[in-house]
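Novice: The structure that follows is given in the form of structure tokens.
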Amino acid sequence: MSERSRGPAEQPRDVLALWERTRTLGQRLEQVDKRLDGLEELGLPDVVADLALTVKKLTEKPEAQKAAVWNWASFTPQQQAQAWEILLDWMADTFRVRYPRAFSEMLGYAKGPISCWHLHEDMVESLTGLMGSWHWAFSDPESGPLRVAEWLDRWLPGAVRQGQFILASCKVQPDSASPYTGHKNPLDNRRTDPPQDLLQQIHLLKTGELAD
């Protein structure tokens, strides 16, 4: 046996290379551990959590702005004037143009060339609701086909029925000097104050003289 064969066996080159890489990786991991220890002392987890929450809020889809509900009874004269202008613009530019049959039937123009719809507060409320629901279906960024279908099949026909019901007893005279003479208020000549016996019952309930 030769001297060379009795000496220590040489390590394969690939094993030596793997050992060198492992040692280098271990040194790098020690450096990372030291850096993490330092960051933890600075409260990094809390900072990361706050940052994640901020990013989440920025990427979330914003909620659609809710449409304001009109309460005509609470409007000042100036607010009423502005509300009338908005409502009339929608009626002229959208309702009458896009839905002429519904416009005519709801406002009484199917019966004649003139209507007293504007003299009925409940009609104005109905038109206001119809306009608001139209914007909910057609103008809201969150809307979709189902809202449009619902407006066309539910809210529009419902408003038309309301209008016909409100104007059912009115008979305006387009050729008369006073065309709105036939305008009827369903409460005219009606004793609509609360009955006296009901008021008396309420009084007794308040005073405890009558058991509920």
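The values are calculated or read from the model by the stated rules, or taken from the named source; none is laboratory data. Quick caveat, the model's predicted, so the values are computed rather than measured. No Cβ is skipped: glycine too gets one built from the backbone with ideal geometry, and neighbour counts run over all protein chains shown. For accessibility, only protein heavy atoms count, side chains too; no ligands or nucleic acids. Shrake-Rupley method; radii C 1.70, N 1.55, O 1.52, S 1.80 Å.
Novice: Go through the residues of region 171-187 one by one and say whether even a single one is at negative phi, modelled with pLDDT of 80 or more and not in a loop (DSSP other than H, G, I, E, B).
Specialist: Within region 171-187, not a single residue is at negative phi, modelled with pLDDT of 80 or more and not in a loop (DSSP other than H, G, I, E, B).
Novice: Does W134 satisfy the condition of being more than 24 Å from A73 (Cα to Cα), modelled with pLDDT of 85 or more and open to solvent by less than 60 Å² (accessible area, probe 1.4 Å)? Break it down stepwise before answering.
Specialist: Values: more than 24 Å from A73 (Cα to Cα): no; modelled with pLDDT of 85 or more: yes; open to solvent by less than 60 Å² (accessible area, probe 1.4 Å): yes.
No: the conditions fail for W134.
Novice: Could you list, ordered by first residue, the pairs with Cβ atoms under 6 Å in which the first is in region 196-212 and modelled with pLDDT of 80 or more and the second is open to solvent by less than 80 Å² (accessible area, probe 1.4 Å), at least 6 apart or interchain?
Specialist: That search, which allows pairs on different chains as well, returns L204/L210.
Novice: Residues in region 139-161: is at least one surrounded by 14 or more Cβ atoms within 10 Å (Cβ to Cβ), closer than 23 Å to T181 by Cα and not small (G, A, S)?
Specialist: no
Novice: For region 146-179, name all the residues that are within 24 Å of the chain's Cα centre (by Cα) and among the β-branched types (V, I, T).
Specialist: Those that are within 24 Å of the chain's Cα centre (by Cα) and among the β-branched types (V, I, T): V148, V160.
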